[in-house]
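In what follows, a single structure is set out as structure tokens and then discussed.
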Amino acid sequence: MDVLERTRALLAEHDPAGTDRLDFLRARFDAGLAWVHFPPGLGGLGAPRSEQAVVDAELAAARAPDNDPRRIGIGLGMAAPTILRYGTEEQKQRFLRPLWTGEEVWCQLFSEPGAGSDLAALGTRAVRDGDGWVVDGQKVWTSIAHAARWAILIARTDPDLPKHRGISYFVCDMTDPGVEVRPLRQLTGEAEFNEVFLTGVRIPDTHRIGAVGEGWQVAQTTLNNERVAIGGQATPREGGLIGVVADTWRARPELRTHELHQRLLKGWLDAEVIRQTGERLRQQLTSGQPGPEGAAMKLAFARLAQELSGLEVELLGEEGLGYDDWTMTRPEVVDFTGREAGYRYLRAKGNSIEGGSSEILRNVIAERVLGLPAEPRTDKDLPWKELPR
Amino acid sequence: MDVLERTRALLAEHDPAGTDRLDFLRARFDAGLAWVHFPPGLGGLGAPRSEQAVVDAELAAARAPDNDPRRIGIGLGMAAPTILRYGTEEQKQRFLRPLWTGEEVWCQLFSEPGAGSDLAALGTRAVRDGDGWVVDGQKVWTSIAHAARWAILIARTDPDLPKHRGISYFVCDMTDPGVEVRPLRQLTGEAEFNEVFLTGVRIPDTHRIGAVGEGWQVAQTTLNNERVAIGGQATPREGGLIGVVADTWRARPELRTHELHQRLLKGWLDAEVIRQTGERLRQQLTSGQPGPEGAAMKLAFARLAQELSGLEVELLGEEGLGYDDWTMTRPEVVDFTGREAGYRYLRAKGNSIEGGSSEILRNVIAERVLGLPAEPRTDKDLPWKELPR
Amino acid sequence: MSDLLYSEIEEELRSSVRDLLTDHCPPTAILARCEGPEPYDLPLWRSLAVGLGVAGLQVPETLGGAGASVREVAVVLEELGRSVAPVPYFGSSVLGLTALLACEDRELLPAVAAGELTATLAVPFSTAPGGPLPAVSVGPGGTLTGRITSVADALPADVLLVPAGGGLYAVEAATVTARTSLDLTRQLADVTLDATPARQLASHDGPVRQALLTGAGLLASEQLGLAEWCLTTTVGYLKERRQFGRQVGSFQALKHRLADLWLETVGGRAVARYAADALATGSPDTAIAVAVAQAHCGALAVRAAEECVQLHGGIGMTWEHPAHLYLKRAKADQLALGTPGHHRNTLAALADLPVPLP
Amino acid sequence: MSDLLYSEIEEELRSSVRDLLTDHCPPTAILARCEGPEPYDLPLWRSLAVGLGVAGLQVPETLGGAGASVREVAVVLEELGRSVAPVPYFGSSVLGLTALLACEDRELLPAVAAGELTATLAVPFSTAPGGPLPAVSVGPGGTLTGRITSVADALPADVLLVPAGGGLYAVEAATVTARTSLDLTRQLADVTLDATPARQLASHDGPVRQALLTGAGLLASEQLGLAEWCLTTTVGYLKERRQFGRQVGSFQALKHRLADLWLETVGGRAVARYAADALATGSPDTAIAVAVAQAHCGALAVRAAEECVQLHGGIGMTWEHPAHLYLKRAKADQLALGTPGHHRNTLAALADLPVPLP
């Protein structure tokens, strides 16, 4: 039975019109149609990743409910591939199904105030205590922490080792009383992210992912997937910001000047180049393990978003001087198109910082793709506790 | 007597119409009107640098001959300030007058094939021999070497010291039989520069400038003056390349497009910004010792020249596909405006390499002006002979 | 060529303005104020205008001013840009006074020059020097009717200078409504006139055009000061911040970017000074000087603020860090009084670089 | 979406072309040849066209070709761009064959497809797909008179395809005069026709327009190959070259620039493939695909070559180093068949982004 037949069988057994949303999603998971490239029993069929599109199209045509993927993006895009690759069988069985259905929302506890680009310098400590660990520290830039049930967490388990080698990777229960989530307001006015304070948080050793001391390696899988998740979706022509700007251009002849026209044409061109580049990347990705090309897409996307959002404000002229709303809210997803130009302009500034800054991504490309030599480093072999701060 | 009166007195005593060119120039030097900010007896009056303009204007109005400053630019711009600052009284007396009159042309023996940006790594050896030195090595990027009587030369006098400390600075006689000058053809087709091979060249110790081992410090004066010489001349509006491109634009309406127009306007703007910046720099320069601002001007000038010369070729369309002449010649000065657009395009590529590459200049600005920390260095304290190559 | 340096008097003026702003206008105070009911800091404005006496620097002493020139105004603007201070200096002392100085009617001038009365020019802040003016009609008895959107510094103004019927009018009793603005430190407002009493100051558009041209030229100095704050603050942060066991400021890619930014800033200082000097001396080169300064500095300030946010990393994205105040001011200033693209385009005519035929 | 990858057959084709060029076309040989009396390497052209049989890849087997498509032609062009080989492939196998395939007259096609006859399209190489064609008049008996300047690959051509009188003609006996060209590896020539005998191939301009459009789209692949050589060579040099006791390639500012260039190159590969595939399949998106590919790759190749020269420092400025051959080819290619600016401007109509009203 091919995936299309399986999808039709699912629909025949669970008519979306008459089935509870969550029941339908669980049935879809159990039928292996959640992410077909995952193994059987874990929501997949071990099928090529490309066949997912067949399933999705058939389900969309039948108006079946989806799992609101933008809201649970961190779980789907980052936690799941990491658990799949490094998790124990028990961890996979426990976490993946409710993660995929959205019953359990995931967030990410990686960055710290003193460890951003240099994530491996992180100072949050996890100390062995019987059959578990006790965690203390401060994390930052955590989206959806206030709604999350679980977090993927990296913490230092051995400060005597060099910084990349003393880190372990955990699943942290966000309902633990030692977890405090505080909104972190951004320049847009929103608090899309949070600061998370961890005070004596207990994590059972069964919630460790990968071996003790191998957390840095495990985190690479998370981070590579983050970059792909950000830059890797298929988009139609004029999908995204360029469509918004082009529509304004078409609707508002009085705003047009040759200077803006030349920049618009360049932006349209660049958007199309990035779109075709992404498409070629997807055609190349036969395995599920993304490489540094994801970094390249994210880099290109950030630059384009900043270029276009800056252009949009200038195009609007007097309207660009306004702002829709500075009220502090705590949104669960970023809504680039549902707000005004000024918001897009400000929010796009984060595109080149969050999830690996553009500077770090250029290093990654230069070293991993082009094979250029690393810069002289003095911090790689020193015990973490002896690093200058 | 002020400088204007002295100039009129010179003209009264030596009518340009009836005086031999060289006699006039010598008389001008002896009258202290060569470079008025130099000391009396050395072609100057110890006057403010700004008063030179008064002299020059008066002499130009009287159609007095000049010393063909473009041809002897290295002598005037680099050798002279260095000799003035570090030379002995005998050296100043011997060298400055024929240097200024152009009787003796100077060139510069600094760069080597293995020491370009990292000039201090140079390997040309000067070995003590009685009351002089014997020099062996290879220099490159030497303009006007084939016409030069003297060269300023830096060479390694102590390979056991770290690289910046084992260098000394000499005046090298270009007529010495050990000096071989070979033309070095560039991508323009011309051989504007030379390679210079030094084989057992003898230099008397009286031709050393500055102390033994202080050559690097002495060379800084030369290099700072080089950058100012390149970027520091006063230009009228639309002086330089922008004038050529703007004139083509005005004369050839059939070539105009909005895309090119926007780039032309940007180029015109940038040229005017650089012009005003240079003017402000000149107003600031009260002493004769230029600082890192010269580096900034050179950086800006190189970028603009490359932008405009690339634009010019595109503006010309079909004509831009042609080239005036690939014949190898050995010009004594660079003639940007006397040749066609393709030549300018190619020659401008050198602007960001010669006399301190744009990359090195950015380092200079970041460290000396902004005070940003130097990168980690491993080569500064090692003996030169132990450096990896 | 004109004097592109700062005189000793100008440097002294800069010091006293900077001292006042350092003491009374820290970023925390601006942040605390900007979302509240009083987005302008009127006590600070009073200290500056009346206390330091900079409200009417360019106004002759005989008319109640300091008898200096717009060169000195430009120095004040550099410092106000450096501190993004929420005071109506630009509206009152730049736009307002320039217009009033160009009117024959002198009644309002001394009080505005003394800082006793705050004025502004009632046009959308995005209006370019040669751009269209709002439609305000003159009714019977010289009353005015119309709506003018996005006016800078209208909220704290005592008197609005309103272009109407080809001339200029003074209005004291308009309805002024705040607008949610991108720039938190210079909030815009809409002005509604409904048969509102007004007094004619000029019967031609000369004063308005002069105010817009002078405003565009002097705004470059504000943008320069803003860019310098961004550069200095970023350099300072990168010397402190350590990642990978090094000061982040020792990484060459960042050093090169900051060197390029410094170079643009050095250019900005030259062209802003040249424009101020041209405006002060009535140079025939003024139109080009203003276009060059605004085209360069409008882009410079945005780039400096964007680099400041980016190179501060996550912390620069937070509301608590002042970088965003500068980013918002820079982006709004880029639109104000003509975008850089607009000013570049004016060079087509001014510098005889003809537009292609269609 | 179309197939943007390379098939195994395409990769094999690439290998054999690359092997031939590596063996027979080192930079030293190109340099030695380019100023001599034979700027084209005709023995190499014969090995490539006839020996490897790539002259007519896209021509159906029934017409004497290889029965492949312009996707394979694009692969050959990538390799020719990588080696800046002085062979008339672009003129004969791209411009010439595209025009001939669009004519009903089939007489010349088999010989050109087999590489036995070398053709080119007699238009200035700067002609954009929709651009004006040279004025050539058709006289009595179908003879042609006129002058066509800056024709690519005319020097070694046996037959010229000349647009005249709205149609297309084959000419074998024109006067062809070399022109000193910016591009040393594809030298241009002027064609003079003086009542020259000609044979009509088509009575409409379809074949010319198709050749120009296909040429513009496939030139992107040559530009891509050229850019890749520049990037690879620069990266290789920076790993070798030491300054300041380090490999120069470990300096972050250079690493970041090369990362950006790599990113543009990755984009170039996607758009060049998309254009080749669109041309091969006759996609309705072809016009946009060509404009996007040429606008991007025309700029890419120049930037890559300029960075190659700059980052090689002094050595890259010398005549002995091959970098300048790539710089000259890249700059000439940027002007060829419409500049990047021209192709961006065509997107205004193709993508419905209307030009501002005057």
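Taking a span of 18 Å or more along the helix axis (Cα atoms) and a mean Kyte-Doolittle hydropathy of at least -1.0 as the rule, the DSSP H helices of chain B that qualify are B:215-231, B:293-316. Ranking C:286, D:192 by solvent-accessible area of protein heavy atoms (1.4 Å probe, all protein chains present), from largest to smallest, gives D:192, C:286.
In this rough spin-label picture, where each label sits 7 Å from Cα along the Cβ direction, the residue A:23-residue A:50 distance is 3.7 nm.
Just to confirm my numbers, what's the Cα centroid distance between the range A:85-124 and the range C:213-251 in Å? When both Cα centres are located, 36 Å separates them.
Mean partner shielding of peptide D:175-184, defined as the number of other chain Cβ atoms within 10 Å of each residue Cβ, is 4. Once backbone amide H atoms are built at 1.01 Å from N, residue C:242 has C:248 as its partners under 5 Å, excluding neighbours fewer than 5 places away on the same chain.
With contacts taken as Cα pairs under 8 Å at a separation of at least 6 residues, the range A:218-370 carries a relative contact order of 31 percent. Cross-link check: pairs C:239/D:239; B:349/D:331; B:163/B:385; A:266/B:266 evaluated at a Cα-Cα cut-off of 19 Å; pairs beyond the cut-off: C:239/D:239. The mean sequence separation of alpha-carbon pairs under 8 Å and at least six residues apart, normalised by the residue count of chain D, gives a relative contact order of 18 percent.
Indicate the gyration tensor shape class of the protein assembly as shown (rounded, prolate or oblate), computed on the Cα atoms with a ≥ b ≥ c the square roots of the eigenvalues: a/c under 1.5 is rounded; otherwise a/b larger than b/c is prolate and the rest oblate. Verdict is rounded for the protein assembly as shown.
The residue among A:65, A:35, A:17 whose Cα reaches farthest toward the positive pole of the charge dipole of the range A:1-66, with charges on the beta-carbon of Lys, Arg, Asp and Glu, is A:35. Amide hydrogen proximity for residue D:165: with H placed 1.01 Å from N in the peptide plane, the residues at 5 or more positions away or on another chain lying under 5 Å are D:136, D:138.
For the range B:172-185, backbone phi angles converted through the Karplus equation (6.51, -1.76, 1.60; θ = phi - 60°) give residue-by-residue couplings of 10, 7, 6, 8, 4, x, x, 9, 10, 10, 10, x, 10, 7 Hz, Gly and Pro being listed as x. Rounded to the nearest 20, the Cβ-based charge dipole of the range C:207-351 about its Cα centre (Lys and Arg +1, Asp and Glu -1) stands at 320 debye. Averaged over its residues, chain D has an accessible area of 31 Å² per residue, based on protein heavy atoms and a 1.4 Å probe.
So, with a 1.4 angstrom probe, what is the percent of accessible area on the protein assembly as shown that is carbon and sulfur?
C and S fraction of accessible area: 53 percent.
Taking both sides together, the accessible area buried where D meets A is about 3900 Å² for a 1.4 Å probe. The order of the peptides B:158-164, A:152-158 by mean Cβ neighbours within 10 Å, most packed first, is A:152-158, B:158-164. Taking a ≥ b ≥ c as the square roots of the eigenvalues of the alpha-carbon gyration tensor, chain B is classed oblate because a/c is 1.5 or more while a/b is no larger than b/c. Within chain A, antiparallel bridges make up roughly 85 percent of the DSSP beta bridges whose residues both belong there. Which distance in nm do the two modelled labels at residue C:178 and residue B:57 give, with both placed 7 Å along the Cα-to-Cβ direction? Taking the simple label geometry, residue C:178 and residue B:57 are separated by 5.7 nm. Computed over protein heavy atoms with a 1.4 angstrom probe, the accessible surface ordering of D:204, A:146, D:343, largest first, is D:204, A:146, D:343. For the range B:33-38, putting each phi into the Karplus relation 6.51 cos²θ - 1.76 cosθ + 1.60 with θ = phi - 60° gives couplings of 10, 6, 9, 5, 7, 6 Hz, in residue order, rounded to whole numbers and with x for Gly and Pro. Spin-label pair residue A:147-residue C:135: with each label point 7 Å from Cα along the Cα-Cβ axis, the two points sit 4.6 nm from one another. Per residue of peptide B:178-186, the mean number of Cβ atoms on other chains within 10 Å of the residue Cβ is 2.
With contacts taken as Cα pairs under 8 Å and at least 6 residues apart, the range A:1-66 reaches a relative contact order of 33 percent. For the range C:79-179, the list of trypsin sites (Lys or Arg not before Pro) that fall in a loop by DSSP and count at most 13 other C-beta atoms within 10 angstrom reads C:106.
Per-residue packing, averaged as other Cβ atoms within 10 Å, sorts the ranges D:310-319, B:58-67 into the order D:310-319, B:58-67, beginning with the highest.
Per-residue mean of other chain beta-carbon atoms within 10 angstrom of the beta-carbon, peptide C:233-245?
Details: counts 0, 1, 5, 2, 0, 3, 4, 0, 4, 7, 10, 12, 12.
Rounded to a whole number, the mean comes out at 5.
Residues whose amide H lies under 5 Å from that of residue D:201, counting only those 5 or more places away or on a different chain, are D:168, D:169, D:170; hydrogens are built 1.01 Å from N in the peptide plane. Rolled with a 1.4 Å probe across the full set of protein chains, the surface gives residue A:221 an accessible area near 0 Å².
Here the range A:121-165 is treated as a Stokes sphere of Kirkwood radius computed over C-alpha pairs; at 10 °C and 1.306 mPa s its diffusion coefficient rounds to 131 µm²/s.
Dividing the summed -39500 (n - 2.57) terms of all DSSP H runs of n ≥ 4 by the residue count of chain B sets its mean residue ellipticity at 222 nm at -12000 deg cm²/dmol. Centroid-to-centroid, using Cα positions, the range B:155-193 and the range C:101-133 are 66 Å apart.
The values are calculated or read from the model by the stated rules, or taken from the named source; none is laboratory data. Only a predicted model underlies this, so the values are computations on that prediction, with no experimental measurement involved. We place every Cβ from the backbone using ideal geometry, glycine too, and count neighbours over all the protein chains shown. All accessible areas refer to the heavy atoms of the entire protein, side chains included, with ligands and DNA or RNA removed. Shrake-Rupley method; radii C 1.70, N 1.55, O 1.52, S 1.80 Å.
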